[in-house]
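*Asks:* Before I ask anything, let me first share the structure, which is written out below as structure tokens.
Values in this text are rule-based calculations from the coordinates and carry no lab data. Not measured: the values here are computed from a predicted model. Note that we place each Cβ from the backbone using ideal geometry, even for glycine, and neighbour counts take in every protein chain shown.
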């Protein structure tokens, strides 16, 4: 398949503020992971965003959308439930724009996430860790309803979330591959990445492109992803956009997170391992074409969890509270 020549861009551009540097992330071919010569696997490196995750795009889009609509006013505090990345992205952006931020987060997340939030100046309210991210959502919704001083962007129901990917990430991928995308794989979390990119791809490429979700097995936590069988379906999710959902175990997520590092030099978070596993499976079902998947974040926030050093069985057998 003829594609434009590879481009090396040593400088990503010149910006007047760190918020403006969000997006335009690299697309990297992973030749060692491809199961067939005719199938090319590409990783969209969202870990290259300023705070190290795809959520920079979403946080920026939600805040700027609220500003344009006049939803943020003096004396209000931005409130958001998070398991880490969205809160960190919001904290960075709010610190630059002068907004106060409070996040609701499970009380058993890795210390790196807590430290980053505090470094950016966010206030943290903890929800019971055993309830995972669903518990944080419930608690934050109750807080926002009880106190009008809060404005909650609510990534799970905010159309600016998929919009960030429809107008940004999807457009970048189409330009980088000259429209030659045969399959796209992302994790099932808030649904923003899958919905935004999936809709754009379907509009421009039709049913030729397959939109595939990597979903954790029910009861097996993979940080940043969720099983719809757990009872909460984010309002922005439209399952008709998906062609397939493929279930991934926490063990597979850990193994493939390490494989990304060992085989391709990509230091990624655990959800990216789960997504890579599904992308390689999809590639194995094809004879030729391009498979694109999202590297959601980098691995720095997970170091204390032992994901990269402990025996796999020791980590995979831990209770879900360790991962949220």
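*Asks:* At a threshold of 8 angstrom on Cα-Cα distance, excluding pairs fewer than six apart, so keeping six or more, what relative contact order does the chain reach in percent?
*Replies:* 22 percent
*Asks:* Largest first and to the nearest Å, give the Cα extent of segment 1-130 along each principal axis.
*Replies:* 56, 39, 24
*Asks:* Continuing with this model, one more query. Can you tell me how segment 233-272 classifies by the Cα gyration tensor, rounded, prolate or oblate, using a/c under 1.5 as the rounded cut?
*Replies:* prolate
*Asks:* Here is a follow-up. Quick check: the angle from helix 250-264's long axis to the longest principal axis of the chain, C-alpha only, nearest 10 degrees?
*Replies:* 60 degrees
*Asks:* For the chain, take the alpha-carbon Rg, divide it by the Kirkwood Rh, and send me Rg/Rh.
*Replies:* 0.95
*Asks:* Where a ≥ b ≥ c are the square roots of the eigenvalues of the C-alpha gyration tensor, would you call segment 130-192 rounded, which needs a/c under 1.5, or, failing that, prolate if a/b is larger than b/c, or oblate?
*Replies:* Because a/c hits 1.5 or more and a/b fails to exceed b/c, segment 130-192 counts as oblate.
*Asks:* Something else: Under a GNM of the chain (C-alpha, springs under 10 Å), which listed residue has the highest mean-square fluctuation: 313, 107, 297?
*Replies:* 313
*Asks:* Here's a follow-up. Which of 233, 88, 18 moves most in a GNM of the chain, Cα contacts under 10 Å?
*Replies:* Evaluated over the chain, the most mobile residue of the options is 18.
*Asks:* In addition: Would you kindly state how much longer the chain becomes between residue 130 and residue 64 on full extension, computed as 0.36 nm times their sequence separation minus their alpha carbon distance, in nm to one decimal?
*Replies:* The residue 130-residue 64 span can extend by a further 20.4 nm.
*Asks:* Here is a further query. Rounded, prolate or oblate: which fits segment 55-151, taking a ≥ b ≥ c as square roots of the Cα gyration tensor eigenvalues, rounded meaning a/c under 1.5, else prolate when a/b beats b/c?
*Replies:* Oblate, because a/c is 1.5 or more while a/b does not exceed b/c.
*Asks:* On a 0 to 90 degree scale, rounded to 10, what angle separates helix 192-205 from the longest Cα axis of the chain?
*Replies:* 40 degrees
*Asks:* When the chain is treated as a GNM, springs tying every alpha-carbon pair under 10 Å, which of 14, 199, 32 comes out with the largest mean-square fluctuation?
*Replies:* The residue with the greatest mean-square fluctuation here is 14.
*Asks:* Based on the Cβ-Cβ distance from residue 262 to residue 14, what FRET efficiency comes out when R0 is 41 Å, to the nearest 0.05?
*Replies:* Approximately 0.70, to the nearest 0.05.
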